[in-house]
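Beneath this line is the structure, given in structure tokens, with notes to follow.
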Amino acid sequence: MTAQLMNFASSNASHVIAADDAPVAAGRPGMTLTGVDYRTDVSALQDLVATNPGLEFGLLYSATPEARRRYPELSWLVATANALAGRCAIHVCGRLARALLIAGELEELVAPAARVQVNGDVTPEELPLLARRVQTLITQFNPRVHDLSQEGGVSNHQLLVDASGGRGISPSAWHRPNTGKVVGFAGGLGPHNLEAEASRLAMVARTGWWLDMEESLRTDDWFDVGRCRGVLAAWSALPYSSTAP
């Protein structure tokens, strides 16, 4: 790990907003429900996006799926992305998948997607190469990756604060990078704690924010539409006047 990454927390203290110095967010957060797989009834997802403005579904792409349930084959993902055109986000996982995106070889997959999230450590040099291939690019913000919160010149770049690093654990305190970019949040969120965590997040979030969840939506490692409906019921009950774009 480079010194830049090891010193993330201390060197970026001025680039992080805590609850005490952030304005209250405008509107209900958007929602990304991630991990759609082969067993998912895609027509049920179409019904859910039709009745829930601000909702999108996350599709995980790996160039080496190796029969893992949450990483469907490319042909299935392309068909599903087209069925959910404009209401899905492609999550690009792994170095090979990232290289294919940069090379322009995933156009058929990413074209229907409103947003594309590239997981893992993205360098400042990679950022514009990835951004030019997608409508909106999301990269992660946590201590294990380069801090791209202050990178300019890429107008379609957003950040996802994932404090748990994919472990499904909510942090003791939520923090938002002090940036003009749109920022979303992930980490241990689910129907069991959405109301409480959203209230905490509203103290640091800003306009355009969204929530992303994955682990809490699975039953026996399969994407569970019933759990999604539970999340959406909790989401619709959040005390905000409108849904953030």
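Since every read-out is calculated from the coordinates, none of them should be taken as a lab result. Just so you know, these numbers come straight off a predicted model, no measurement behind them. Glycine gets a Cβ as well: all are built from the backbone with ideal geometry, and neighbour counts include every protein chain shown.
Counting Lys +1, Arg +1, Asp -1, Glu -1, what net charge surrounds Leu74 among other residues with beta carbon under 11 Å of its beta carbon? Write out the running numbers ahead of the final one.
Values: positive: none; negative: Glu73, Glu105, Glu108.
Net of charged neighbours comes to -3.
What whole number of Å gives the distance from the Cα centroid of the stretch 90-138 to the Cα centroid of the stretch 221-239?
Centre-to-centre (Cα) distance: 27 Å.
Between the DSSP loop rule and a limit of at most 10 other Cβ atoms within 10 Å, which trypsin sites (Lys or Arg not before Pro) in the stretch 119-193 are left?
Details: sites: Arg132, Arg133, Arg144, Arg167, Lys181; in loops: Arg132, Arg133, Arg144, Arg167, Lys181.
Sparse-neighbourhood loop trypsin sites (Lys or Arg not before Pro): Arg167.
Net charge around Arg39, counting only other residues with Cβ within less than 12 Å of its Cβ (Lys, Arg = +1; Asp, Glu = -1)?
Taking every other residue near Arg39 into account, the sum is -2.
Report the Rg/Rh value for the stretch 124-245, based on alpha-carbon coordinates and the Kirkwood definition of Rh.
Numbers: Rg = 15.1 Å, Rh = 15.5 Å.
Computed over Cα atoms, the ratio is 0.98.
In whole Å, what are the extents of the stretch 155-218 along the principal axes defined by its C-alpha atoms, from largest to smallest?
Computed over the stretch 155-218, the largest-to-smallest principal extents equal 34, 21, 17 Å.
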